[in-house]
Amino acid sequence: MVNVEKRKISIVVPFFNEEAGIDVFYQVILKVINSLPHYSFEVLCVDDGSTDTTLSKLIELVNKDNRFLVLELSRNFGKESALSAGLDAATGCAVIPLDADLQDPPELISSLLAEWEKGADVVLACRTDRQTDSLLKRLSAKAFYRTHNLLSNIEIPEDVGDFRLMDRSVVQAVKQLPESNRFMKGLFAWVGFKSVKVGYIRAARTEGSSRFSGRKLWNFALDGLTSFSIAPLRVWTYIGGVGAVLTSMYAFFIITRTLVLGVDVPGYASLLVAVLFFGSLQLVSIGMLGEYIGRTYMESKRRPCYLIRKVYQNES
Ligand code: UDP
Ligand code: MG
């Protein structure tokens, strides 16, 4: 009998100071991989400049299991860049990005694969319940997705993270996008393709707390908004237009009043309010311009979004 070649699935996992969770991670992944004997797997662990023993622990994994390989980035580039590094290096017919903290349950991989086999290009893992995230995080996430989807033509599904299965063709499409500021959820949504959803309940982190500080999340949200929408730039044209109409009406009113009632000296308050109001409006709009010019500047440097220091692979 001809031995049918197993299709290879790549699992991409970014690690940033996750030393405490690696053992559990390995156990869980191993169980999932072993329960799916009809596929072969490669697990690409991207060490995103960890400062603890994450890297050495990952190298241990590589030494005992040749399905694992480690990409060591030259410093901390952030999760989006780490994911890009993993996608670029992945060789499987399908690629699944996964969080190292097991908040994306690897047990779901079999359902993702089943939908893929049925013909979907993208299988989205959709969190039906994220009670384990703090209220603030849930609310701010909701506010972000609402704002993003309102401003941009690309809709990012609210309940979907990076955890998903992508067919080779989709990965190829994402890799073609040249920007160095990589807001992955946006890029994934931008490429389109035929997608289906599979639901799951988001677990709590296996250890520690989120590696994203409030400031990092805020900047991330700005990256997301500005990468996929120019509405914040455009809105000033309209605000300016409305302001101009209103001020002309007011000017007409004052001039007429002065002509009819004579010269009226008091007016300090309204003058000051108008000057301050339009002054601050202009500052905000210049700030918004600055956001985009800054980003254009960063893109124009064409720097790679990550650098690999070393690849660890067990050839045996
Ligand atoms: N991560 C990373 N680089 C960073 C921050 C996070 O590679 O600069 C990884 C982290 O190790 C984890 C994943 O990204 O595997 C998600 O991070 P985290 O769980 O802290 O985010 P949250 O679940 O709170 O969104
Ligand atoms: Mg997490």
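Every number here is computed from the coordinates shown, using simple stated rules; none is lab data. A quick note: this is a predicted structure, and the numbers were derived from the prediction, not measured. FYI the Cβ positions are ideal-geometry reconstructions off the backbone, even for glycines, and counts take in every protein chain you see.
Looking at the chain alone, DSSP beta bridges between its own residues are antiparallel in about 30 percent of cases. Direction-averaged projected area, Cα convex hull, the chain: 21.4 nm², rounded to one decimal. When peptides 44-54, 237-247, 189-199, 115-125 are ranked by their average number of other Cβ atoms within 10 Å per residue, the highest-first order is 44-54, 115-125, 189-199, 237-247.
Please find the FRET efficiency linking PHE277 to GLU179, where r is the Cβ-Cβ separation and R0 is fixed at 41 Å, and quote it to the nearest 0.05. For PHE277 and GLU179, the calculated efficiency is 0.65.
The relative contact order of the chain comes to 24 percent, based on Cα pairs under 8 Å that sit 6 or more residues apart. Secondary-structure-derived ellipticity at 222 nm for the chain, considering helices only, amounts to -16500 deg cm²/dmol, per-run term -39500 (n - 2.57) for DSSP H runs with n ≥ 4.
Normalising by the residue count of segment 1-146, find the relative contact order in percent from Cα pairs under 8 Å and 6+ residues apart. Reported relative contact order: 30 percent. Centre-to-centre separation between the Cα atoms of segment 192-256 and those of segment 63-100: 30 Å. Start at zero, step by 5 Å, and the Cα-Cα distances of segment 199-297 spread as 2, 9, 12, 14, 12, 10, 8, 9, 7, 5, 5, 3, 2, 2, 1, 0 percent across the bins. Around the amide H of GLY199, modelled in the peptide plane, lie the amide H atoms of CYS126, all under 5 Å away and 5 or more residues distant in sequence or on another chain.
Helices meeting the span-like rule in the chain (full DSSP H runs, Cα extent of at least 20 Å along the helix axis, mean Kyte-Doolittle score of -0.5 or higher): 135-151, 214-228, 231-261, 268-300.
Springs join every pair of Cα atoms under 10 Å in this Gaussian network model of the chain, and among LYS301, LYS185, LYS137 the largest mean-square fluctuation is at LYS301. In the structure shown, the pairs LYS137/LYS185; LYS8/LYS79; LYS79/LYS301; LYS64/LYS216; LYS6/LYS31 are assessed against 29 Å; a Cα-Cα span above that value is assigned to LYS64/LYS216.
For segment 145-275, calculate the relative contact order in percent as a whole number, restricting contacts to Cα pairs under 8 Å that are 6 or more residues apart.
31 percent
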